Amino acid sequence: MAGSKKSIYLAPDTLRILGKSDSLSGRVNSIVTRYAAITADERPKLSTSEWMLLCDVLNESILDTDNRGNDPARFIWAFVADSKPNGTGEKRGVDTKALSARIREMSYAQQVSIIEVVTRFLAQGGTDDFDFAE
């Protein structure tokens, strides 16, 4: 397995989840591969305007977590609902109340998938050629 060596901090819960393994790198790579597949499979069908609104709304938010109970993914619906006074929905042509309600009813895996897509979009500079369906 060729790759690049990185140094990362692993939170106590992360270490517990990883468990004992002969190959920490192999274990982390397996988890990331499976996570990518799950978030791809669970990606909600949203319009480009809805994705762009989510990117606008979540742009200034801290999206990382080391605690499932406090994961920002669980509160995306509230971020969207709170964006209504800012006019973000009007700017993007999206009904923020309806989108917020849809997101609130989504599974945790779908909500995590939203965070993952938005994080990738923002990390690559938010260019117009980003494929939200990929």
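Derivation of every value follows stated rules applied to the coordinates shown; laboratory data play no part. What you are looking at is a predicted structure, and each value in this text was computed from that prediction instead of being measured. A quick note on method: Cβ atoms are made from the backbone with ideal geometry, for glycine too, and the neighbour counts reach across all protein chains shown.
Exposed loop sites here are trypsin sites (Lys or Arg not before Pro) in DSSP loop states with at most 10 other C-beta atoms within 10 Å. What is the longest stretch of the chain lacking them?
The reported range is 46-134.
For a Förster distance of 30 Å, can you work out the FRET efficiency between the beta-carbons of SER47 and ARG68, rounded to the nearest 0.05?
E between SER47 and ARG68, to the nearest 0.05, is 0.55.
Please identify the chymotrypsin sites (Phe, Trp or Tyr not before Pro) of the range 1-57 that satisfy two criteria: DSSP loop assignment and at most 10 other Cβ atoms within 10 Å. Which are they?
Answer in residue order: TYR9.
7 Å from Cα along Cα→Cβ at both VAL28 and THR119: what's the point-to-point distance in nm?
Roughly 1.4 nm, to one decimal.
Of the options VAL118, SER30, LEU18, report the single residue whose Cα projects farthest towards the positive end of the charge dipole of the chain (beta-carbon charges: Lys, Arg +1; Asp, Glu -1).
So the residue we want is LEU18.
Residue by residue, what Karplus-based ³J(HN,Hα) values in Hz, rounded to whole numbers, does the range 87-99 have, using 6.51, -1.76 and 1.60 with θ = phi - 60° and x for Gly and Pro?
Karplus-based 3J(HN,Hα) across the range 87-99 equals x, 4, x, 4, 4, 9, x, 10, 7, 5, 5, 5, 5 Hz.
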